[in-house]
Amino acid sequence: MNLPPLLPPTSKPPVRELLAQAEHDVKEWSFDQEGKPLANPNTNSFRNTKWAFVGKPTEPVVLCIWFDDIETIDGLHVHVSNGRQYRQRLIDRDRGEKKDDVRNKLRAWTNRSKEFDDALYTALSDNKPIRPIMVAGNRGDKDAGAFETSTVDARSLDSTAWYVQSYDQDTGEYRIVRGLKSDKIRDGEGIELEDGVTSNPAFLDFISKLSDTERDAMIKVRVGQSRFRDALINRWGGCSVFGCKERDLLIASHIRPWSKCENPKDRVNVANGLLLTPNLDRLFDSGLITFDQKFRIRISTKLKDGILNQLNVTRDLRLKSTEYSDVLPFLAWHEINVFRP
């Protein structure tokens with residue numbers, strides 16, 4: 001296989017320019033997270049710190065990969081890693097303080113790692129090539145005892161496409177290879193979802209015309225009778241907080257909303273769900289409560305004690321089981337993106 005050589009990066013062009021080089025639409029970089037225009041789109045800090053960029057259906061997935069993490073196996077350049085194990089190591093290092101610079105870094109890395117995994121799965125399920133941005137510098141999260149901010153000394157876009165060679169749904173280990181499509185991807189054999197919610201074309205066409213709020217409400221009704229709800233019942237046995245076992249009162253609640261899942265598998269992933277009574281479900285969906293990395297409830301300051309008493313919600317509530325650590329990345333996303341402190 002005659003491929004251009006893979007060389008370490010020696011300069012440091014802006015991420016936005018590398019994405020444009022990968023033929024991504026970068027118009028949104030002209031606005032900050034609040035929608036305000038930026039004088040220099042290259043300084044968009046909200047987007048610059050991401051590790052993965054999915055892009056439009058016709059665009060390749062772009063992933064930021066440390067050059068030192070690339071191996072050469074049988075003459076091929078390969079990147080093998082495991083995002084789940086990485087996120088678990090971060091969670092194990094979280095001391096739980098609410099106002100702590102270290103914890104803020106751990107949470108940010110956890111969220112970016114989950115987005116990276118979502119992008120990997122999108123590349124696999126949608127048969128999309130990957131264009132890696134090779135990064136060189138000091139990696140602040142590599143040392144198990146370090147809590148430093150990573151510094152990038154150089155970056156470059158590889159001119160050759162990479163492909164997901166394998167992705168273990170049970171362990172989370174993945175393998176991507178430079179310039180080599182796997183037979184599975186070449187034959188168009190994406191990973192099949194078992195839930196009718198995502199596989200029914202008529203339903204997908206219908207909900208595509210709805211707003212995010214309407215779409216998530218419709219999905220919640222639909223999955224109420226689906227395998228997703230059954231899986232949550234099997235996992236939790238009752239309400240994830242109160243333990244209520246009256247099935248007619250329990251709602252299968254997505255942690256990361258269906259409309260916000262970049263990875264189709266997460267729409268029916270039992271780790272992305274809680275089984276809640278209607279009062280908790282509404283509070284959780286509205287961002288008035290969330291659960292932290294110690295499974296403890298966090299309550300928005302917008303909720304007064306009188307309302308909490310009426311809803312039978314106390315400040316010492318927590319998820320009734322702490323054994324399901326796979327929910328933690330989803331809860332971290334909810335705490336950052338939905339919860340209203």
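Observations on the model:
- Test result for Q33, assigned by TED's automatic domain parsing to the domain that holds S156, surrounded by fewer than 14 Cβ atoms within 10 Å (Cβ to Cβ), of a type outside the set (D, E, K, R) and not in a strand (DSSP E or B): yes
- Within the stretch 287-306, the set of residues being touching a residue at least 40 places away in the same chain (Cβ under 8 Å) and part of a loop (DSSP other than H, G, I, E, B) comprises G287, L288, D292, Q293, K294, S300, T301.
- Options K128, K105: the member that is surrounded by 12 or more Cβ atoms within 10 Å (Cβ to Cβ), out of contact with any Leu (no Cβ under 7 Å at 6 or more places or on another chain) and not in a loop (DSSP other than H, G, I, E, B): K105
- The set of residues from the stretch 144-159 being surrounded by fewer than 17 Cβ atoms within 10 Å (Cβ to Cβ) and either modelled with pLDDT under 85 or part of a loop (DSSP other than H, G, I, E, B) (or both) comprises A144, G145, A146, F147, E148, T149, S150, S159.
- Any hit, the stretch 273-291, residues being crowded, with 19+ Cβ neighbours inside 10 Å, among the small types (G, A, S) and under 20 Å from the mean Cα position of the chain (by Cα): yes
- Verdict on K12 being basic (K, R) and under 23 Å from the mean Cα position of the chain (by Cα): no
- From the list N269, N263, N234, the one residue that fits, being among the polar types (S, T, N, Q) and farther than 18 Å from L331 by Cα, is N234.
- Filtering the stretch 2-25 to residues that are at pLDDT 95 or above and among the aliphatic types (A, V, I, L, M) leaves V15, L18, L19, A20, A22.
- Test result for K56, of a type in the set (K, R), in contact (Cβ under 8 Å) with a residue 60 or more places away in the chain and not in a strand (DSSP E or B): no
- Count of the stretch 307-341 residues, restricted to those that are aliphatic (A, V, I, L, M) and not in a loop (DSSP other than H, G, I, E, B), is 7.
- Restricted to the stretch 36-73, and to residues there that are under 29 Å from Q165 (Cβ atoms) and among the basic types (K, R), the residue that is surrounded by the fewest Cβ atoms within 10 Å (Cβ to Cβ) is K56.
- For D168: the one exception among (1) under 23 Å from the mean Cα position of the chain (by Cα); (2) crowded, with 16+ Cβ neighbours inside 10 Å; (3) modelled with pLDDT under 80: (2)
The values are calculated or read from the model by the stated rules, or taken from the named source; none is laboratory data. Since this is a predicted model, take the numbers as computed values, not measurements. Heads up, the Cβs are rebuilt from the backbone with ideal geometry, glycines too, and the neighbour counts pull from every protein chain shown.
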